[in-house]
Amino acid sequence: MRRLTHATAFGTPWTSAESDRIQDVFDGLADGWSEEHVDPVKAAPVEDALARGELPLRGRWLEVGSGTGAGARIVADRVNSLVCTDLSAQMLANAPDLAPRVRADASILPFPDDSFQVVMLINMILFPLEVDRVLCEGGAVLWVNTLGDQTPIHLAPDDVLSALPGDWTGRTAQAGTGLWLVARRG
């Protein structure tokens, strides 16, 4: 999974076969996911980023790879607007009804350019061109690995900044068992 995460972030084409494989894996994990992966320790990086990352809470937020709603559980009542997307229909079916849920392949998001002030990715494969495309001017990317460098879908903050197109700056910190990065176009 780490090789796929790194390769995709740095330009290896995403194929329908990869999409189908990842969808099948996460559809199969969906039923027990929240019990195993949603807890206060893993939520700590998102909580800390909200407290110290200078993120615009009044704008429109997009969570890419929202799974069963771990991120939505934290931010839904704090942000003005949230949309959650995931490739796995089963993950979305197991998510709480806290925000609109859209089944979507993150390599081709079904939103217009410049739609969101924040794009949040928690333990998610990065599709840099799509994230950049849907992010508004002056917006921010919130990248979270809930288990830090032990997260199976992991990119170091410097790799995230390098993978995003153009010039980006970021602020990062560790919290709980994980880490967060708030990235902005330089």
Checklist entry - Within the range 4-19, is even one residue within 17 Å of Gly148 (Cα to Cα) and of a type in the set (S, T, N, Q)? => result yes
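Do we find that Leu161 is at pLDDT 95 or above, buried (at least 19 other Cβ atoms within 10 Å of the Cβ) and not in a loop (DSSP other than H, G, I, E, B) in this structure? Let's see the steps before the verdict.
Details: at pLDDT 95 or above: yes; buried (at least 19 other Cβ atoms within 10 Å of the Cβ): yes; not in a loop (DSSP other than H, G, I, E, B): yes.
When the stated conditions are applied, Leu161 passes them.
Go over the candidates Asp105, Asp132, Asp159 one by one and state the one that is within 23 Å of Ala30 (Cβ to Cβ), in contact (Cβ under 8 Å) with a residue 24 or more places away in the chain and of a type in the set (D, E, K, R). Don't jump to the end; show me each part of the working.
Details: Asp132 fails: within 23 Å of Ala30 (Cβ to Cβ); Asp159 fails: within 23 Å of Ala30 (Cβ to Cβ).
On inspection, the qualifying residue turns out to be Asp105.
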Next on the checklist: Pairs please, first residue from the range 18-32 and in contact (Cβ under 8 Å) with a residue 12 or more places away in the chain, second anywhere and in a helix (DSSP H, G or I) and surrounded by 13 or more Cβ atoms within 10 Å (Cβ to Cβ), Cβ atoms under 6 Å, 6+ apart in sequence or on different chains.
Outcome noted: Phe26/Met91; Asp27/Gln90; Ala30/Gln90; Ala30/Met91
Checklist outcome for this item: The correct count of residues that are surrounded by 17 or more Cβ atoms within 10 Å (Cβ to Cβ), touching a helix residue (DSSP H, G or I) at 6+ places or on another chain (Cβ under 8 Å) and under 20 Å from Phe111 (Cα atoms) in the range 71-99 is 8
Checklist entry - Which residues, taken from the range 108-129, are closer than 17 Å to Thr5 by Cβ, free of Cβ contacts under 8 Å to residues at least 60 places away in the same chain and of a type outside the set (A, V, I, L, M)? => result Asn123
Checklist entry - For the range 23-56, what are the residues that are touching a helix residue (DSSP H, G or I) at 6+ places or on another chain (Cβ under 9 Å), at pLDDT below 95 and of a type in the set (A, V, I, L, M, F, W, C)? => result Phe26, Leu29, Ala30, Trp33, Val38, Ala43
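So that you can scan it fast, the table gives a plain yes or no per residue for (1) at pLDDT 95 or above; (2) touching a strand residue (DSSP E or B) at 6+ places or on another chain (Cβ under 6 Å):
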{"residue": "Asp97", "(1), (2)": "no, no"}
{"residue": "Val102", "(1), (2)": "yes, yes"}
{"residue": "Asp114", "(1), (2)": "yes, yes"}
{"residue": "Val118", "(1), (2)": "yes, yes"}
{"residue": "Ile122", "(1), (2)": "yes, yes"}
{"residue": "Pro128", "(1), (2)": "yes, no"}
{"residue": "Val134", "(1), (2)": "yes, yes"}
{"residue": "Glu137", "(1), (2)": "yes, no"}
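Give the residue, chosen from Thr68, Thr146, that is at pLDDT below 95, crowded, with 18+ Cβ neighbours inside 10 Å, more than 15 Å from Leu181 (Cα to Cα) and touching a helix residue (DSSP H, G or I) at 6+ places or on another chain (Cβ under 6 Å).
Working: Thr146 fails: more than 15 Å from Leu181 (Cα to Cα).
Among Thr68, Thr146, only Thr68 is at pLDDT below 95, crowded, with 18+ Cβ neighbours inside 10 Å, more than 15 Å from Leu181 (Cα to Cα) and touching a helix residue (DSSP H, G or I) at 6+ places or on another chain (Cβ under 6 Å).
The values are calculated or read from the model by the stated rules, or taken from the named source; none is laboratory data. This is a predicted model, so every value here is computed, not measured. Glycine also receives a Cβ, built like all others from the backbone with ideal geometry; neighbour counts cover every protein chain displayed.
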